[in-house]
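Colleague: Quick one: structure below, then a few questions.
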Amino acid sequence: MFIDQVHVLLKSGKGGNGCVSFRREYRVPKGGPDGGRGGDGGNVYLVAETNLNSLSFFRFHPINKAKNGRPGEGGRRQGKRGEHLYLRVPVGTIVRETGQKAVLFDFLKPGETYLAAKGGKGGRGNASYATSTHQTPREFEPGRPGEEKELLLELKLIADIGLVGFPNVGKSTLISRISAARPVIADYPFTTLVPSLGVVDYGGTASFTVADIPGLIEGAHAGHGLGTRFLQHIERTKVLVHLIDVSPLSGRDPVKDYRVILKELESFNPELLSRARILVANKTDLLGGAGERLAKVRRLARAEKAPFFAVSALTGEGLKELVTGMARTLEEVRRKEAEKPR
Ligand SMILES: Nc1nc2c(ncn2[C@@H]2O[C@H](COP(=O)(O)OP(=O)(O)OP(=O)(O)O)[C@@H](O)[C@H]2O)c(=O)[nH]1
Ligand SMILES: [Mg+2]
């Protein structure tokens with residue numbers, strides 16, 4: 001199950017109480033106070049992981065609590081500290097307090113750790129209250145309560161390149177051919193119900209990540225089809241690949257489709273229109289000489305001053321060139337970003 005938004009309640013552990021105790025030993029009359037302090041309560045941490053792509057764990061475990069600290073003991077022994085709780089979240093998770101806009105933390109890299117709830121301090125034992133004028137203290141400090149945090153965890157995938165287009169144009173087929181991602185592929189619209197990520201290796205050690213999302217249709221912003229709710233997962237990309245089905249079977253107008261997609265992107269977040277774009281005509285294997293639609297997309301790309309590739313995701317024709325083109329565009333965007341004065 002793909003979950004990209006959950007409310008959670010995280011509780012850190014309570015601190016252990018301080019201990020009241022007096023030393024009692026054979027031949028040691030009137031031993032002094034020796035109650036130790038309580039252990040601190042455990043913290044709750046969120047930790048980002050790469051091989052996790054959903055917040056589904058929290059759907060079934062919305063409440064998570066770290067262990068309490070143990071009370072102090074005689075002989076000035078400090079209570080055991082409560083165990084910390086480490087909860088794994090996918091890279092791309094954004095943490096907010098429930099009902100608040102401000103972002104508390106944004107997990108951009110694996111291994112990043114956020115202290116979500118700090119454990120309560122353990123209380124002092126009576127040993128620490130002893131003074132020269134107060135030699136039999138019976139005071140102790142109770143452990144401090146832990147914290148309770150109501151948080152909204154939201155996943156926005158982090159990918160370099162996003163695939164967009166109408167349903168059934170071959171987005172999932174494409175990502176499955178150029179990466180190890182294995183989304184479901186089938187000959188009907190809305191096969192893809194959840195986004196997936198793929199890592200594309202090229203030129204030795206270099207790689208980039210691609211996000212495949214459910215198809216868009218006209219009126220998606222008004223909830224048609226699967227709506228635009230998955231568009232948040234391409235908001236963090238730097239390049240958008242528009243995939244267009246040019247096979248005669250589709251019976252669609254490729255230029256109109258392209259405009260519709262742009263409109264839907266704009267209505268979700270106008271900023272998406274400023275992303276670098278690559279136009280890709282797919283299913284060239286089905287053309288059988290009828291290249292009118294292909295020519296249309298090529299002209300469109302020229303007018304848009306966007307890189308253009310004609311491929312068949314099914315046969316693999318043109319995919320090498322496309323991957324090289326994707327890498328090149330991505331590098332250009334990165335270079336421009338680096339040059340931009342901050
Ligand atoms: N002949 C041919 N068929 C293709 C090509 N690319 C994809 N297909 C077929 O088109 C159908 C849809 O492919 P998908 O990859 O599931 O399309 P999608 O864009 O991910 O669709 P949604 O997930 O519904 O948005 C499948 O039957 C694919 O086998 C291609 O280049 N040539
Ligand atoms: Mg798909």
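The values are calculated or read from the model by the stated rules, or taken from the named source; none is laboratory data. Source: prediction; values computed, not measured. Cβ placement follows ideal geometry from the backbone for every residue including glycine, while neighbour counts extend to all protein chains displayed. The accessibility values were calculated without ligands, DNA or RNA, using every heavy atom of the protein model including side chains. Shrake-Rupley method; radii C 1.70, N 1.55, O 1.52, S 1.80 Å.
Colleague: Name the residue, out of Val194, Val184, that is assigned to a loop (DSSP other than H, G, I, E, B), near ligand 1 (Cβ under 8 Å from one of its atoms) and surrounded by fewer than 19 Cβ atoms within 10 Å (Cβ to Cβ).
Modeller: It is Val184.
Colleague: Would it be correct to say that Arg259 is part of a strand (DSSP E or B), under 24 Å from His224 (Cβ atoms) and more than 16 Å from ligand 1 (Cβ to nearest atom)?
Modeller: Judged against the criteria, Arg259 is not a match.
Colleague: OK, next. Give the residue that is nearest to the chain's Cα centre (by Cα), with candidates limited to residues of the stretch 310-325 that are closer than 13 Å to Arg177 by Cβ and of a type in the set (A, V, I, L, M, F, W, C).
Modeller: Within the stretch 310-325, the match that is nearest to the chain's Cα centre (by Cα) is Val323.
Colleague: Which one is nearest to Glu148 (Cα to Cα), of the residues in the stretch 65-84 that are open to solvent by 100 Å² or more (accessible area, probe 1.4 Å) and either at pLDDT below 95 or assigned to a loop (DSSP other than H, G, I, E, B) (or both)?
Modeller: Lys67
Colleague: Given Leu314, Leu286, which one is open to solvent by 90 Å² or more (accessible area, probe 1.4 Å), within 12 Å of ligand 1 (Cβ to nearest atom) and closer than 19 Å to Ser172 by Cβ?
Modeller: Within the list Leu314, Leu286, the selection yields Leu314.
Colleague: Would you mind finding the one in Leu231, Leu279 that is open to solvent by less than 30 Å² (accessible area, probe 1.4 Å), of a type in the set (A, V, I, L, M, F, W, C) and assigned to a helix (DSSP H, G or I)?
Modeller: Checking each option against the conditions leaves just Leu231.
Colleague: Tally up the residues in the stretch 317-334 that are within 14 Å of ligand 1 (Cβ to nearest atom) and hydroxyl-bearing (Ser, Thr, Tyr), please. Let's see the steps before the verdict.
Modeller: First, pick out the residues of the stretch 317-334 that are within 14 Å of ligand 1 (Cβ to nearest atom): 317-319, 322.
Remaining after also requiring hydroxyl-bearing (Ser, Thr, Tyr): none.
Selection size over the stretch 317-334: 0.
Colleague: So, one more: So Thr173 ticks every box in (1) hydroxyl-bearing (Ser, Thr, Tyr); (2) in contact with a Ser or Thr (Cβ under 9 Å, 6 or more places away or on another chain); (3) within 16 Å of ligand 2 (Cβ to nearest atom) but one. Which box is left unticked?
Modeller: Unmet condition: (2).
Colleague: Give, as residue ranges, the strands (runs of 3 or more DSSP E) completely inside the stretch 100-173 that count at least 1 residues that are open to solvent by less than 50 Å² (accessible area, probe 1.4 Å) and over 23 Å from Phe2 (Cβ atoms).
Modeller: Filter on the stretch 100-173 gives 113-117.
Colleague: Just to be sure I understand, how many residues within the stretch 197-218 are touching a residue at least 12 places away in the same chain (Cβ under 8 Å) and in a loop (DSSP other than H, G, I, E, B)?
Modeller: Total satisfying the criteria: 7.
Colleague: If a residue must be touching a helix residue (DSSP H, G or I) at 6+ places or on another chain (Cβ under 7 Å) and not in a loop (DSSP other than H, G, I, E, B), how many such residues does the stretch 302-324 contain?
Modeller: Counting residues in the stretch 302-324 that are touching a helix residue (DSSP H, G or I) at 6+ places or on another chain (Cβ under 7 Å) and not in a loop (DSSP other than H, G, I, E, B) gives 5.
Colleague: Of the numbered conditions (1) more than 9 Å from ligand 1 (Cβ to nearest atom); (2) open to solvent by less than 10 Å² (accessible area, probe 1.4 Å); (3) at pLDDT below 95; (4) among the β-branched types (Val, Ile, Thr), Ile213 fails exactly one; give the number of that condition.
Modeller: (1)
Colleague: With respect to the numbered conditions (1) open to solvent by 20 Å² or more (accessible area, probe 1.4 Å); (2) among the hydrophobic types (A, V, I, L, M, F, W, C); (3) assigned to a helix (DSSP H, G or I), which one is the sole condition not fulfilled by Ala327?
Modeller: (1)
Colleague: While we're looking at this one, here's another question. Sort through Lys149, Lys156, Lys121 and tell me the only one that's in contact (Cβ under 8 Å) with a residue 12 or more places away in the chain and touching a helix residue (DSSP H, G or I) at 6+ places or on another chain (Cβ under 6 Å).
Modeller: Lys156
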